[in-house]
Amino acid sequence: MTSAVLATLVAVAGVVGDLTLAGHSGPVLGGLLIALGVLFAVGWPLVAGLPARWHSAVVIALGGVAAVLAVWLSTEQAMLNPVPAVFAGVVLAAFVMQLVRRDGRERLVESVAGTVAGALVPVCSVGWLAAERTVAGDAVVVTGAVALAVGSAISALPFDGWLRVGIVVGGSTAAGAVVGVALPVIGLLSGTLLGLAVGILVAAATELFRRLDHEGEQWERAALLSVATLPVAVTGILVYLAGRVLIG
């Protein structure tokens, strides 16, 4: 259900996406993505069982902030062009961070790999921001966010196994189709395909993390928030691809 709330916030940010700051669109959405990246970074080291949790969290959070700022400040039509360079910097930072560890650097390879893999999630979230500069603009952001919110809300219902997967995918697909019809720039076909892709992602994330312990102290709660943030962030790339490929 947390994912549904976060997705709703993304949809709201998309609706007000026409606001500008210093000549750049999407300051509200950009600020939200930075917050989501930090939220994910705090809990991911526990989800992945990484040593030196705060070292990894700092790298992941800074990578997310850098990616959002790079895309937001970009003046190119292809806003994701700076992202590979940012991610390369994240990989380098992951190695440098290991040098400052004073715990014997146990599980070094696992720490680096888990940090880099985690950093990819907030980096992917910049797709939401880049999607605003596609032909569909804020409409594709709202469509993807609504499909994500519906699928995430359904995933919290007391269904199990393939029935849950089918209902989640079906709900997201239907939501994408409805919003696509309501927004002519999206259309029925594009909205349906986007909703289907989002539904598959939500269902996969739900099944992958369904065994995560829901009890515990601060770190356990942080892990649950990180898991809830993951599909919201990764959906950004799907929304961007929809805006570029399906719609124009």
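Checking the conditions here, which among Val181, Val185, Val227, Val140 is out of contact with any strand residue (DSSP E or B) (no Cβ under 8 Å at 6 or more places or on another chain), under 28 Å from Gly43 (Cβ atoms) and among the aliphatic types (A, V, I, L, M)? I'd like the intermediate steps shown before the answer.
Details: Val181 fails: under 28 Å from Gly43 (Cβ atoms); Val185 fails: under 28 Å from Gly43 (Cβ atoms); Val140 fails: under 28 Å from Gly43 (Cβ atoms).
Exactly one of Val181, Val185, Val227, Val140 is out of contact with any strand residue (DSSP E or B) (no Cβ under 8 Å at 6 or more places or on another chain), under 28 Å from Gly43 (Cβ atoms) and among the aliphatic types (A, V, I, L, M), namely Val227.
Give the stretch 146-156 a look and list any residue that's in contact with a Gly (Cβ under 8 Å, 6 or more places away or on another chain) and open to solvent by less than 10 Å² (accessible area, probe 1.4 Å), or say none.
Across the stretch 146-156, the qualifying residues are Ala147, Gly151.
Out of the stretch 124-145, which residues are open to solvent by 10 Å² or more (accessible area, probe 1.4 Å) and not in a loop (DSSP other than H, G, I, E, B)?
Listed by number, the residues that qualify are Cys124, Asp138, Ala139, Val142.
Given the residues Ala22, Ala61, Ala48, Ala52, which is the only one that is out of contact with any Phe, Trp or Tyr (no Cβ under 7 Å at 6 or more places or on another chain) and either among the β-branched types (Val, Ile, Thr) or modelled with pLDDT under 80 (or both)?
On the way: Ala61 fails: either among the β-branched types (Val, Ile, Thr) or modelled with pLDDT under 80 (or both); Ala48 fails: either among the β-branched types (Val, Ile, Thr) or modelled with pLDDT under 80 (or both); Ala52 fails: either among the β-branched types (Val, Ile, Thr) or modelled with pLDDT under 80 (or both).
Being out of contact with any Phe, Trp or Tyr (no Cβ under 7 Å at 6 or more places or on another chain) and either among the β-branched types (Val, Ile, Thr) or modelled with pLDDT under 80 (or both) holds for just one of Ala22, Ala61, Ala48, Ala52, which is Ala22.
Any idea which residue in the stretch 121-142 is farthest from Ala48 (Cα to Cα), counting only those that are among the β-branched types (Val, Ile, Thr) and modelled with pLDDT under 90?
The residue in question is Val135.
Can you tell me which condition Ile186 does not meet? The list is (1) in a helix (DSSP H, G or I); (2) open to solvent by less than 30 Å² (accessible area, probe 1.4 Å), and all the others hold.
The one condition Ile186 does not meet is (1).
Restricting the stretch 97-116 to residues that are within 13 Å of Arg53 (Cβ to Cβ) and in a helix (DSSP H, G or I), which is most open to solvent (accessible area, probe 1.4 Å)?
Glu110
The values are calculated or read from the model by the stated rules, or taken from the named source; none is laboratory data. None of these values were measured; they are calculated from a predicted model. Here the Cβ is made from the backbone with ideal geometry for all residues, glycine too, and neighbour counts use every protein chain on show. The protein model used for the area step is the full one, side chains on, heavy atoms only, and it has no ligands, DNA or RNA in it. Shrake-Rupley method; radii C 1.70, N 1.55, O 1.52, S 1.80 Å.
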